[in-house]
Amino acid sequence: MNVGRRTLLAVVVLMALAVAAILIWQNSRANDRTSVRTSNNGQVVRLAEGAPVEQPKPARRYRIGVLFPFLASPFWVNEAYGVTDQARALGVDLVWYSADGYDNIDKQNSQLEDLVSKHVDAILIAATSSTGTAPVVDRAAAAGIPVFAHVTSSTSSHIISAVLDDDLEIGRKQAAFLGKALGGKGQVAMLNGPAAAEWSSLRARGFKEVIARDFPGIKIVAERFGIPDRADAQRLAEDLFSAFPKLAGLFTVADGMAMGAADAARQAGRQPDAMVITTASFSREAVPYMLSGAIDLNVDENPVKIGRVAINTVVHGLNGKSIPKTTYVPNPAMTRETVGKVDPKLQWAPDTWRLR
Amino acid sequence: MKAKDLATFILPVSAAIAVVVTALLQPLFLTPGNLLNVVGQSAPLAVVAIAQMLPILTRGLDLSQGGVVVATSVVFALVAQSFGAVAGMWAGLLVGAGAGFLNGAVVGGAKVSPFVVTLGFGSVLQGAALILANGQPISNVPEGFTLLYYGRPFGIPIPLFVVAIVWLLIWFMLQRTTIGRFIYAVGSNERTAYLSGIPTRTTLVAAYTLSGLLTSVGSLLLSSRIASGHPTAGSDMALQAVAAAVIGGVSLFGGRGGVHGAVAGAAFLGLLANALNLLSVASFVQLIAVGISIILAVLIDRVRFANRGGG
């Protein structure tokens, strides 16, 4: 008997057992799930800046499955901290998985299916792909499990409620600040994220919209796309400074890029005051750049708050309370003057915190 | 019982133990819904692992699979938008077969390392997919296309039929046809095969072409699962397929192993991921568990074939 036959035998036996099990269970299984009536009220809510995060009381100890697309960046670590710390504070159990990359849509779909198999009370997904996850979200809903979204939603009509930051608004705020700081005239360039990234294109759109409407004297002379990290942005910015010596302002989609651009500006011999750089994300690393005036405006994405509000929304929904269809967390604009007033404990995950 | 005989039983026995232990700890594991999920989740990898097995049997490797997966997915979606899902699927299959033919022609014709050649072609295909798709996922594929993955005639997922058909056809080819015997002969000892009159070049071209074609089949399942033509999703499938094949006992030294092993390896990886998810094992720890099982599989492969001669 060779190896192939033995393996075949084992596989056949396992498959036969599986099929038998399927037949038995399919006949015996009634719909043993009491489905939760969870729905939204169709509203879009914008939370006020500085409003405290509420602490709803779960009707029982819920078990929530949470999906992250990726956890190897400051944004996602902070967001995951918000999710897990709020769940701990409210007394809610979490089961979380990471797809370990935006390309791993298939892996996230499997994780979502596995959460359905586990009969969690609700699923909170940050989608790797808004369209690629939709069929599985639909199936989870059909199985009676309410699905919520945080940070990035799905195109499925079965997402009950989503907690997001407003990327258009993040771009608009940068345009308003930059336009005013430059007195309504001068050359401006844009450093965008990857061409395919929706969050980046929305921020860029919001920026261009306000510049075109309110600051006709400002000319956008260049628009570049890149990975939102320091090294890539530094290279892009160096080329921009060479090509446009009269550049007075720079829009960047995330502060990793702004830090790279600020480094490039310093090396090009430009004084911090001679160049207005705006950005978003507001990570801990950017604070020194803001205090020195190298970065002039940093719009806060508020990842910890998104995480906390998302858990609250799921709990409210499971409690049967009326919840909005979409909730936008505030995205306050941070400047050199306001950055000193930030409480690091509320703003970011503590240094000692580890995801478990 | 010798060590190598013991090693033969390790995969089925450890899989059985894992199933029983998981079922005891988590009763939801053996529900029909979950088992059908596992079948579906493992199906694309099973087909791609069968595809990978063919070059490995010739003592080669096909690292272009990731490129074939994304190029097939994008070409399918673009053609399907204008000419319908069926035309799109044919176009996608043509991409895989064409890429496989080129791989085989260069590997067999120029006698160069399959590792480097297929890595190169994979990169070309990845680039082409990104250019064709303009870097973005193509989400407006024909509505009915998702049925390829999610459809369940008679309660049985369509991917299971696809795997079964590919499995049977390749099993028949390897066991009952001349080309099948040639593939094993080339993998066992290419020089001896050549001297005994076996057309080694044609055999390699056939193995790689078929590999490309089957990879495209796997890609279509995957594209249906994510309801889009995607220029990057699945780009890491070549290494997963190698892992599945090796776990299933397909030897990287060529000429040993078979289609049952490739399917079993993919099923094992699917079951493992599902079981770890259901047992709420943290994502980061899961990566370690999968890595360890791959390393163990290679060690078992080594023990099993250490004392055997030409095969």
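Do we find that A:Ala175 is over 19 Å from the mean Cα position of the chain (by Cα), buried (at least 19 other Cβ atoms within 10 Å of the Cβ) and not assigned by TED's automatic domain parsing to the domain that holds A:Gln86 in this structure?
yes
Exactly one condition in (1) part of a helix (DSSP H, G or I); (2) more than 8 Å from chain A (Cβ to nearest Cβ); (3) in contact (Cβ under 8 Å) with a residue 12 or more places away in the chain is not met by B:Ala273; state its number.
B:Ala273 satisfies all of (1) part of a helix (DSSP H, G or I); (2) more than 8 Å from chain A (Cβ to nearest Cβ); (3) in contact (Cβ under 8 Å) with a residue 12 or more places away in the chain except (2).
Rundown of residues vs (1) within 22 Å of A:Asn331 (Cα to Cα); (2) charged (D, E, K, R); (3) part of a helix (DSSP H, G or I), yes/no style:
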residue: A:Asp263; (1), (2), (3): no, yes, yes
residue: A:Thr279; (1), (2), (3): yes, no, no
residue: A:Val287; (1), (2), (3): yes, no, yes
residue: A:Gly293; (1), (2), (3): yes, no, no
residue: A:Ala310; (1), (2), (3): yes, no, yes
residue: A:Val315; (1), (2), (3): no, no, yes
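Identify the residue in the range B:115-131 that is in contact with a Leu (Cβ under 6 Å, 6 or more places away or on another chain) and within 28 Å of B:Val162 (Cα to Cα) and, among all such residues, is farthest from the other protein chains (Cβ to nearest Cβ).
Top of the filtered list is B:Thr118.
Taking into account only those residues within the range B:102-116 that are of a type in the set (A, V, I, L, M, F, W, C) and free of Cβ contacts under 8 Å to residues at least 24 places away in the same chain, which is surrounded by the fewest Cβ atoms within 10 Å (Cβ to Cβ)?
So, considering only residues that are of a type in the set (A, V, I, L, M, F, W, C) and free of Cβ contacts under 8 Å to residues at least 24 places away in the same chain, the one surrounded by the fewest Cβ atoms within 10 Å (Cβ to Cβ) is B:Ala110.
Which one of B:Gly135, B:Gly127, B:Gly84 is surrounded by fewer than 16 Cβ atoms within 10 Å (Cβ to Cβ) and either aromatic (Phe, Trp, Tyr) or at pLDDT below 90 (or both)?
B:Gly135
Name every residue in the range A:185-198 that is touching a helix residue (DSSP H, G or I) at 6+ places or on another chain (Cβ under 8 Å) and more than 14 Å from every other protein chain (Cβ to nearest Cβ), in order of residue number.
A:Val188, A:Ala189, A:Met190, A:Leu191 - these are the residues of the range A:185-198 that are touching a helix residue (DSSP H, G or I) at 6+ places or on another chain (Cβ under 8 Å) and more than 14 Å from every other protein chain (Cβ to nearest Cβ).
Looking at B:Pro159 and the list (1) touching a Leu at 6+ places or on another chain (Cβ under 7 Å); (2) surrounded by fewer than 20 Cβ atoms within 10 Å (Cβ to Cβ), which single condition is not satisfied?
Tallying (1) touching a Leu at 6+ places or on another chain (Cβ under 7 Å); (2) surrounded by fewer than 20 Cβ atoms within 10 Å (Cβ to Cβ), B:Pro159 fails exactly one: (2).
Any residue that is at pLDDT 90 or above, in a loop (DSSP other than H, G, I, E, B) and touching a Phe, Trp or Tyr at 6+ places or on another chain (Cβ under 8 Å) - is there at least one of those in the range B:240-255?
No, that holds for no residue.
Looking only at the range A:69-119, filter to residues that are facing chain B (nearest Cβ under 7 Å) and part of a strand (DSSP E or B); which one of those is nearest to B:His230 (Cα to Cα)?
The extreme case among them is A:Ser98.
Identify, from the list B:Val117, B:Val141, B:Val124, the residue that is over 30 Å from A:Trp199 (Cα atoms) and β-branched (Val, Ile, Thr).
B:Val117
The values are calculated or read from the model by the stated rules, or taken from the named source; none is laboratory data. Remember, it's a predicted structure, so these values are computed and weren't measured experimentally. Because the Cβ atoms are built from the backbone with ideal geometry, glycine has one as well, and the counts that use them run over all protein chains shown.
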